[in-house]
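> Could you have a look at this structure, given as structure tokens, before my questions?
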Amino acid sequence: MGILNVTPDSFSDGGELAGGPARALERGRAMVEAGAALLDVGGESTRPGAAPVSEAEERARVIPVIEALARELDVPVSVDTRKAGVARAALAAGARVVNDVSGLNHDPALADVVAEGGVGLVLMHMRGEPADMMGHARYHDVVAEVRDELGASVARARAAGVPDTAIVVDPGLGFAKTAEHNLIVIRRLAELEALGQPILVGPSRKSFLGRILDVPPAERVIGTAAACVAAYLAGARIFRVHDVAPVAQALKVAEAIVREAVPEPPRAGAAC
Ligand code: HH2
């Protein structure tokens, strides 16, 4: 899942795609060529302390981009939003998945929009709001609590009529979690398989990698790939990243090792 943030203030790529859909389309096309199977468009930064965005502003940011991607590219588009109104407009513009970082805790109407649209739903774990979530990073057993709280989100989606086949769960790395919590969650990710849904992770360029590596966001690409491989080995199957090409390579190698098989014959000249 390639990240396309059309925000002025995202923590690592804010402002890069401002000014109309052309640059987002160009970036999206490059991500698909690099191996992305899904593109995630977001119009509201949810980094710790980020300022909330009005529904009208969020729609104005994401809708033209979603229309362009859905029209021009062959992969499904997801909308990263917590708001039912934005999700409804995004589905009308061609989005096929809703990625809700609040796990259906922010806007009760969002589950109905997903059920009526017959689209996919990513349920991410967080506590509180982006402004205050780090104050909620207190757990006895972070993995068990994330699993149980995600289980409540899954139950809410089912109750609204979203089928199991449409639901993906995500532990929400960095959302109401300290760096140490993120590491524990990745190492014990397999415990989330009890929920019975595919697992997505989003470690891309996040500050826990900066804590380990002491480098700024743009230099956390190899760290992101390492975190994705660790999560893959523990059961994750969808990876939300800014840097699709290097992460896709790392995952391809990890998958070949797990399967003990080279995926396809090497191209002529690539044998050595
Ligand atoms: N992380 C961010 C945003 N959306 N969605 C899911 N499912 N999982 C995540 O881990 C996740 C997410 C935050 O990262 P980013 O979009 O790069 O930054 P910002 O929120 O500042 O736009």
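> Please pick out the residue among Asp13, Asp80, Asp100, Asp40 that is within 14 Å of the ligand (Cβ to nearest atom), farther than 24 Å from Thr165 by Cβ and not β-branched (Val, Ile, Thr).
After applying the criteria, what remains is Asp13.
> When the residues of segment 221-237 are filtered to those that are surrounded by 18 or more Cβ atoms within 10 Å (Cβ to Cβ), over 10 Å from Pro203 (Cα atoms) and in contact (Cβ under 8 Å) with a residue 40 or more places away in the chain, which remaining residue is nearest to the ligand (Cβ to nearest atom)?
Going through the qualifying residues, I end up with Ala236.
> Next question. Out of the residues in segment 164-175 that are small (Gly, Ala, Ser) and either within 12 Å of the ligand (Cβ to nearest atom) or over 18 Å from the mean Cα position of the chain (by Cα) (or both), which is nearest to Leu39 (Cα to Cα)?
Restricting to residues being small (Gly, Ala, Ser) and either within 12 Å of the ligand (Cβ to nearest atom) or over 18 Å from the mean Cα position of the chain (by Cα) (or both), the top hit is Gly172.
> Next question. Can you go through Ala37, Ala111 and tell me which one is out of contact with any Phe, Trp or Tyr (no Cβ under 9 Å at 6 or more places or on another chain), crowded, with 23+ Cβ neighbours inside 10 Å and more than 19 Å from Thr7 (Cα to Cα)? Steps first, please.
On the way: Ala37 fails: crowded, with 23+ Cβ neighbours inside 10 Å.
None of the other options fit; the residue is Ala111.
> For segment 180-208, what are the residues that are within 11 Å of the ligand (Cβ to nearest atom) and open to solvent by 60 Å² or more (accessible area, probe 1.4 Å)?
If the condition is that a residue be within 11 Å of the ligand (Cβ to nearest atom) and open to solvent by 60 Å² or more (accessible area, probe 1.4 Å), then Ser207 is the only one that fits.
> What residue, of Ala93, Ala51, is closer than 27 Å to Glu129 by Cβ and within 14 Å of the ligand (Cβ to nearest atom)?
Ala51
> Applying the selection to segment 121-143, what residues are open to solvent by less than 20 Å² (accessible area, probe 1.4 Å) and part of a helix (DSSP H, G or I)? Reasoning before the result, please.
Just the residues of segment 121-143 that are open to solvent by less than 20 Å² (accessible area, probe 1.4 Å), to begin with: 121-126, 130, 133, 137, 142-143.
If the condition is that a residue be open to solvent by less than 20 Å² (accessible area, probe 1.4 Å) and part of a helix (DSSP H, G or I), then Met133, Val142, Val143 are the ones that fit.
> Output the number of residues of segment 1-34 satisfying the condition of being modelled with pLDDT of 95 or more, loosely packed, with under 15 Cβ neighbours inside 10 Å and touching a helix residue (DSSP H, G or I) at 6+ places or on another chain (Cβ under 9 Å).
Here the count works out to 2.
> Looking at segment 156-179 only, could you name the residues that are among the hydrophobic types (A, V, I, L, M, F, W, C) and either open to solvent by 50 Å² or more (accessible area, probe 1.4 Å) or assigned to a loop (DSSP other than H, G, I, E, B) (or both)? If you could, list the steps in order and put the result at the bottom.
In the first step, residues of segment 156-179 are kept if they are among the hydrophobic types (A, V, I, L, M, F, W, C); the result is 157, 159-160, 162, 166-169, 173, 175-176, 179.
Ala159, Ala160, Val162, Leu173, Phe175, Ala176 - these are the residues of segment 156-179 that are among the hydrophobic types (A, V, I, L, M, F, W, C) and either open to solvent by 50 Å² or more (accessible area, probe 1.4 Å) or assigned to a loop (DSSP other than H, G, I, E, B) (or both).
> May I pose another question? Could you please find all residues in segment 74-96 being crowded, with 24+ Cβ neighbours inside 10 Å and not polar (S, T, N, Q)?
Answer for segment 74-96, where residues must be crowded, with 24+ Cβ neighbours inside 10 Å and not polar (S, T, N, Q): Val77, Val79, Asp80, Arg82, Lys83, Val86, Ala87, Ala90, Ala95.
> Is it fair to say Ile222 is among the β-branched types (Val, Ile, Thr) and more than 30 Å from Ala155 (Cα to Cα)?
Considered against the rule, which asks whether it is among the β-branched types (Val, Ile, Thr) and more than 30 Å from Ala155 (Cα to Cα), Ile222 comes out as yes.
> Only residues that are farther than 30 Å from Arg71 by Cβ and within 16 Å of the ligand (Cβ to nearest atom): list them for segment 104-135, please.
Asn105, His125, Met126, Arg127, Gly128, Glu129, Pro130, Ala131, Asp132, Met133, Met134
The values are calculated or read from the model by the stated rules, or taken from the named source; none is laboratory data. Every value quoted in this text rests on a predicted model; they were computed, and no experiment measured them. Here the Cβ is made from the backbone with ideal geometry for all residues, glycine too, and neighbour counts use every protein chain on show. Surface accessibility is based on the protein's heavy atoms, side chains included, excluding ligands, DNA and RNA. Shrake-Rupley method; radii C 1.70, N 1.55, O 1.52, S 1.80 Å.
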